[in-house]
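See below for the structure under consideration.
The values are calculated or read from the model by the stated rules, or taken from the named source; none is laboratory data. Note that the structure is a prediction, hence the values are computed from the model and not measured. For neighbour counting, all protein chains shown are included, and Cβ atoms are generated from backbone atoms with ideal geometry for every residue, glycine included. The accessibility values were calculated without ligands, DNA or RNA, using every heavy atom of the protein model including side chains. Shrake-Rupley method; radii C 1.70, N 1.55, O 1.52, S 1.80 Å.
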Amino acid sequence: MYHKTKGIVLHTVKYSETSVIAKIYTEGFGLLSFIVKGVRSAKSKNKASLLQPLTILDMEISHRENKNLQFIKEFRRFYNYSSLPFDTLKSAIALFLLEVISKSIHEHETNEEMFVFIEESLIALDKEEKLNPDFHLVFLVNFTRHLGFMPHDNFSDHRSFFEMRESVFVAEQGATTLDKRESKLFNELLGANFFTQLKTKMTRTERRQMLMHLIKYYQWHIENFSLKSPEVLEEILD
């Protein structure tokens with residue numbers, strides 16, 4: 001039986017002279033690996049281009065439970081990026097998001113809300129004319145909602161330090177809390193979206209430090225979470 005679903009390409013590897021194995025996060029079935037035959041042949045160059053990382057696809061797939069490799073019957077581009085592939089800064093952010101997504105999603109269970117969030121984030125990144133300098137930070141904070149460790153929204157004058165292990169704002173600073181200024185900025189990120197600036201403007205140094213804190217926060221909650229791209233991103237955003 002074939003099923004229609006959207007998917008976001010995360011990674012591909014060569015499988016044979018003309019085929020690839022593609023890891024795709026699907027709306028209907030979660031993270032799956034597909035064998036895609038013939039796309040590396042001379043006659044299928046256009047199809048191969050559709051399997052670039054972060055391409056959003058409309059697909060018709062064969063899905064069988066407990067199978068490591070699934071099959072794609074048909075696939076086509078769902079959304080055409082207009083600026084993301086050609087803008088150096090947007091491309092760097094997109095590659096960072098790709099690594100975060102790839103290192104965070106391991107299960108095969110369906111999570112349609114997570115899929116929609118990732119899809120809308122990529123389209124928002126592509127469409128933004130004036131890129132929000134906090135885009136990657138807003139993504140990281142909001143992504144936690146779908147991963148299951150969204151920080152508690154309990155910031156107040158009396159609870160003004162964010163405790164990373166417990167995901168909650170506390171009254172006193174400790175070994176795993178952010179300081180007051182950082183906690184205030186973190187709280188603003190909790191209510192931020194991709195299209196609005198924070199009330200309290202971050203300096204470049206603060207933005208860099210907040211990125212490191214957020215990566216550490218992910219490491220507290222996702223086993224073996226590590227990234228290679230933050231250094232590159234920092235350099236481009238500097």
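Computed from label points 7 Å out along Cα-Cβ, the spacing between Phe149 and Thr18 is 4.6 nm.
A simple rule links phi to the HN-Hα coupling: the Karplus curve 6.51 cos²θ - 1.76 cosθ + 1.60 with θ = phi - 60°, which for the range 198-214 gives 5, 4, 9, 6, 7, 7, 4, 5, 5, 5, 5, 5, 5, 4, 5, 5, 5 Hz, with x for Gly and Pro.
Scoring 114-122, 13-21 by mean Cβ neighbours within 10 Å over their residues and listing the highest first yields 114-122, 13-21. Heavy atoms of the protein chains alone define the surface here; on that basis the range 1-105 has 54 Å² accessible area per residue at 1.4 Å probe size.
Shape verdict for the range 86-160, please, from the Cα gyration tensor: rounded (a/c under 1.5), prolate (a/b greater than b/c) or oblate.
oblate
Shape of the range 1-71 from the C-alpha gyration tensor: prolate (a/c of 1.5 or more and a/b above b/c, with a ≥ b ≥ c the square roots of its eigenvalues).
For the listed residue pairs Lys47/Lys67; Lys103/Lys184; Lys67/Lys127; Lys6/Lys201; Lys67/Lys216, the alpha carbons are over 31 angstrom apart in Lys67/Lys127; Lys6/Lys201; Lys67/Lys216. Could you tell me which of rounded, prolate or oblate describes the range 153-238, using a ≥ b ≥ c as the square roots of the eigenvalues of the alpha-carbon gyration tensor, with rounded for a/c under 1.5 and, failing that, prolate when a/b is larger than b/c and oblate otherwise? In terms of gyration-tensor shape, oblate. In sequence order, the range 156-164 has phi-based couplings of 7, 4, 8, 10, 10, 10, 8, 9, 6 Hz under the Karplus curve 6.51 cos²θ - 1.76 cosθ + 1.60, θ = phi - 60°, and Gly or Pro positions carry x. Could you work out how far helix 180-190 tilts from the main Cα principal axis of the chain, as a 0 to 90 degree angle to the nearest 10? Relative to the chain, helix 180-190 is tipped by roughly 40 degrees.
Counting only protein heavy atoms and a probe of 1.4 Å, the accessible surface of the chain is 48% carbon and sulfur. Counting only heavy atoms of the protein chains and using a 1.4 Å probe, Asp153 has close to 130 Å² of accessible surface.
So what does the Cα-only Debye profile of the chain read at q = 0.13, 0.17 Å⁻¹, as log10 I(q)/I(0), no solvent term? So the normalised log intensities work out to -0.83, -1.25.
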